[in-house]
Amino acid sequence: MIKKNILMLSFHDPKEDPRIHWEAVTLSKLHNVIVIGTVVGIKKVQKSIIKHGEYKYRIILIPVLPLFSNLKAFHSFVLLHLINTSLVMHSHFIIFALNTYLYKFLFKFIYRFDLFNHLHYFLSFSFNLYEYIHDNRINYDIVHCNDLYTLPAGVALKSKEVKLLYDPHEIYPEVISYAPWYIRNYLKYIEKNLIKFADVTFAVSPQIKAWIKKEYKVTNVVVLPNAEIWKKASPMNSGLEKYFRNRIIFLYQGGFHSGRGLEELMDYWKDIDSSKAVLVLRGPKNQSFLSLNATSKQMIDSKRIVFAEKVKENELISAAMEADVGIIPYDGKNLNNRYSCPNKLSQYMHAGLAILHSDLPYVNSLVSKYKCGLSYQVDNKTTFVNSVNKMIHNPNLLRSMKVNSYESGRKSFNWEANEKLYLKYV
């Protein structure tokens, strides 16, 4: 087999995204792989080599410069899009070209809607990726775009000889559900038109695959679930043992964001016997973290709820091994959350935890298949309390679910199980 040169594009530091690492490791087994990511705040290009066993790939981090910092490259970027697509389809590039101080001055009222600011921000990632690849004359046979923010660059780089792979990771217009409707609709419009140039699109669940096919009228969509590379881990001693006291540890690991059902989780926990169970939450601190901390002060003071220190991405499985049950509490009101395949599912399974999850279609199908957990309805406290009590008061059931979780993660629900499918489309 002839080695191909593969460019993977990311709009953030790829080292913070495990899925990009899994894909890069797989591709590096057969091909030359360079992962290029834009990072806001850095001032110069940073290069490194990531090793995974006998395989390795390169990472290049580049600064995010203003969109019009290099007009020649910008014009080339726009021109390639207009050649690859229709002028009407990409009229937004003309809008960007007009987005000058004069434009702002003449249309101050429209600008207040933040549409052009957001689109300027959106396009800046792809432009910087394109500019760096173009200026450094990097050779490539395949471009692999991660997330919508990199797709314009991928379309600009695509040709008859170059294959374009697209992995949106999520339903992006739903990810920014907090944004005004006109921004979400416009980004959906962009993705709908650009996704047609991808030779294949990957989706993390059958539900997201169905959504993409229906909304964007494309057929070349393949399910590639979020599942960690299997590696036998050892428990981390993070200090949680002082909260054990023969109690079952229920763990949530992840971001503190709206739509994740954390408010309901902490409210429902008031009805759980604190002598039998403790709730541990671990993740990066942000405004939502501070809000949850403040509203649950009494339970935190009594050690019914514990906020644990965050750990590095590659330590999540080891850190989870101190617990008994992993929680996925997403409320499902947002389509992206409802149809998701969270990274934490495979992380919990590889750590040997039973799974307690809200009623999410794909998560529910996997947990039911592997007989490794119980579900509850986010808007029904009784279902939550009943499921928790089943785990607390039935040690044999809990033990069985933990064993099933670990064995299913080791044998079936891991990245290695999907490698052949992934490589088939490269």
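Computed values, structure above
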| item | result |
| --- | --- |
| Hits in the range 1-32 - residues which are more than 13 Å from the chain's Cα centre (by Cα), over 22 Å from Asn414 (Cα atoms) and modelled with pLDDT of 95 or more | Lys4, Asn5, Ile6, Leu7, Leu9, Asn32 |
| Matching strands (runs of 3 or more DSSP E) fully within the range 235-324 where at least 2 residues are more than 30 Å from Val175 (Cβ to Cβ) | 248-253, 277-282 |
| Residue match in the range 44-62 (condition: assigned to a loop (DSSP other than H, G, I, E, B), surrounded by fewer than 18 Cβ atoms within 10 Å (Cβ to Cβ) and within 21 Å of the chain's Cα centre (by Cα)) | no |
| Helices (runs of 4 or more DSSP H) completely within the range 99-152 that count 2 or more residues being modelled with pLDDT of 85 or more | 115-135 |
| Selection count, the range 1-43, where residues are among the β-branched types (Val, Ile, Thr), surrounded by fewer than 22 Cβ atoms within 10 Å (Cβ to Cβ) and not in a strand (DSSP E or B) | 4 |
| Candidates Glu263, Glu313, filtered to the one that is closer than 28 Å to Phe202 by Cβ and acidic (Asp, Glu) | Glu313 |
| All positions within the range 357-382 that are hydrophobic (A, V, I, L, M, F, W, C) and closer than 17 Å to Gly259 by Cα | Leu360, Val363, Val378 |
| Cβ-Cβ under 7 Å pairs, at least 6 apart or on other chains, the range 375-388 side more than 10 Å from His357 (Cα to Cα), far side assigned to a loop (DSSP other than H, G, I, E, B) | Thr383/Gln377; Val385/Ile272; Val388/Ile272 |
| Within the range 158-203, considering residues that are polar (S, T, N, Q) and outside any helix (DSSP H, G or I), the one nearest to Tyr422 (Cα to Cα) | Thr201 |
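Results for (1) hydrophobic (A, V, I, L, M, F, W, C); (2) surrounded by fewer than 17 Cβ atoms within 10 Å (Cβ to Cβ); (3) part of a helix (DSSP H, G or I); (4) free of Cβ contacts under 8 Å to residues at least 24 places away in the same chain, shown as yes or no for each residue.
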| residue | (1), (2), (3), (4) |
| --- | --- |
| Asp331 | no, no, no, no |
| Cys341 | yes, no, no, no |
| Ile355 | yes, no, no, no |
| Val363 | yes, no, yes, no |
| Ser368 | no, yes, yes, yes |
| Leu398 | yes, no, yes, no |
| Gly409 | no, no, yes, no |
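Residue-by-condition table, conditions (1) of a type in the set (D, E, K, R); (2) surrounded by fewer than 18 Cβ atoms within 10 Å (Cβ to Cβ):
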position	(1), (2)
Ile142	no, no
Asp147	yes, no
Leu151	no, no
Ser159	no, yes
Val162	no, yes
Lys188	yes, yes
Leu194	no, no
Phe202	no, no
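The values are calculated or read from the model by the stated rules, or taken from the named source; none is laboratory data. Computed from a predicted model, the values in this text were never measured in an experiment. Reconstructed Cβ throughout: ideal geometry from the backbone, glycine too, with neighbour counts over all protein chains shown.
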